[in-house]
Amino acid sequence: MILIELLPTALYAALAIWFMRPAGNGRPTGGGGVRSAGLAAALVIHAFVLSHQIFPDGHMRFGAGDALAVMTWLALVFYWVESLSSRLDGLHMLALPAAALCAAAPLLLPARHEIGNAASPLFRAHFVMAMTAYSLFTLAALHAMLMSAVERNLHRGRLSRVLENLPPLLVMEGLLFRLITIAFVLLSATLVTGIAFSEQVFGKPLAFSHKTVFAIAAWVVFGTLLAGRHFRGWRGRMALRWTLGGFFVLLLAYIGTQFVLEVVLGRS
């Protein structure tokens, strides 16, 4: 079973080397039908492994290692879909080595928690949407930081070999807003299911905890960003600041809740 769980790591590592192979002009090359098909096959295999890790024997277990693996899988799925219409070799070269490491995270970080209410299809849908939204917003934040690094280096008149192979900033910006739009829709659905079906999903009426308040605040921030993009044409540094600000608020919803309870309110 361990060999099967390590298969996605091996496939991603092999694909990373393949994407980095130099073409005749000395630059890395990727894309193309064969590489795209290879990446699609690796993603399908990884999805199969993840389903058996998270949903063993009809139960549902989840941990930090699973979160990392799911996040990188979603990143690769998004970039693979986008690569069907745009050349994203530079992003694949960055994402695949990280994916190779994170695919092994469930083995390196094996601690998992049993998820209650997992038998409820509504709860599973709620959990999957929440996890997908959080993962895509994390990817959007990393993508925004990468864009910021490219912009700074362009202003200095020099780019490292890694950065110079990335798509143009306009393409990167388009990817960023598509990421945020998808994640915003999923976060909206997460909040709606959590609020409308709280008793059925969680077995108790909705309580406005710190997690709920921060999640709604993050929804407002990202909604404002998308509205600003649509009506005011926000882009560049303005968009990057709002993206990182929204991600920080969302981070407080998932990580800061425990800090507030234990440190600020002194509860165990």
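The values are calculated or read from the model by the stated rules, or taken from the named source; none is laboratory data. Everything numeric here is computed off the predicted structure, so don't read it as measured data. Don't worry about glycine lacking a Cβ; one is built from the backbone with ideal geometry, like all the others, and counts go over all protein chains shown.
Check whether at least one residue in the stretch 31-53 is of a type in the set (S, T, N, Q) and buried (at least 17 other Cβ atoms within 10 Å of the Cβ), and report yes or no. So far as the stretch 31-53 goes, yes, one or more of its residues are of a type in the set (S, T, N, Q) and buried (at least 17 other Cβ atoms within 10 Å of the Cβ). The residues of the stretch 113-149 that are over 20 Å from the mean Cα position of the chain (by Cα) and surrounded by fewer than 20 Cβ atoms within 10 Å (Cβ to Cβ), listed by number, are HIS113, GLU114, ILE115, GLY116, ASN117, ALA118, ALA119, SER120, PRO121, LEU122. As a summary of the residue check, LEU107 satisfies the conditions (1) part of a helix (DSSP H, G or I); (2) closer than 26 Å to MET238 by Cα except for the one numbered (2).
For first residues located in the stretch 33-57 and under 16 Å from MET71 (Cβ atoms) and assigned by TED's automatic domain parsing to the domain that holds ALA14, partners that are surrounded by fewer than 15 Cβ atoms within 10 Å (Cβ to Cβ) and not aromatic (Phe, Trp, Tyr) and lie 6+ apart or on another chain with Cβ distances below 7 Å form the pairs VAL49/ILE4.
Conditions tested, residue by residue: (1) in a helix (DSSP H, G or I); (2) among the aliphatic types (A, V, I, L, M).
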{"residue": "ARG87", "(1), (2)": "no, no"}
{"residue": "LEU122", "(1), (2)": "yes, yes"}
{"residue": "ALA130", "(1), (2)": "yes, yes"}
{"residue": "LEU136", "(1), (2)": "yes, yes"}
{"residue": "ALA140", "(1), (2)": "yes, yes"}
{"residue": "ASN153", "(1), (2)": "yes, no"}
{"residue": "ARG158", "(1), (2)": "no, no"}
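For every residue, the table says whether it meets (1) over 18 Å from the mean Cα position of the chain (by Cα); (2) under 22 Å from MET93 (Cβ atoms).
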position	(1), (2)
ARG158	yes, yes
LEU163	yes, yes
LEU166	yes, yes
LEU170	yes, yes
GLY174	no, yes
ARG178	no, yes
PHE184	no, no
SER188	no, no
THR193	yes, no
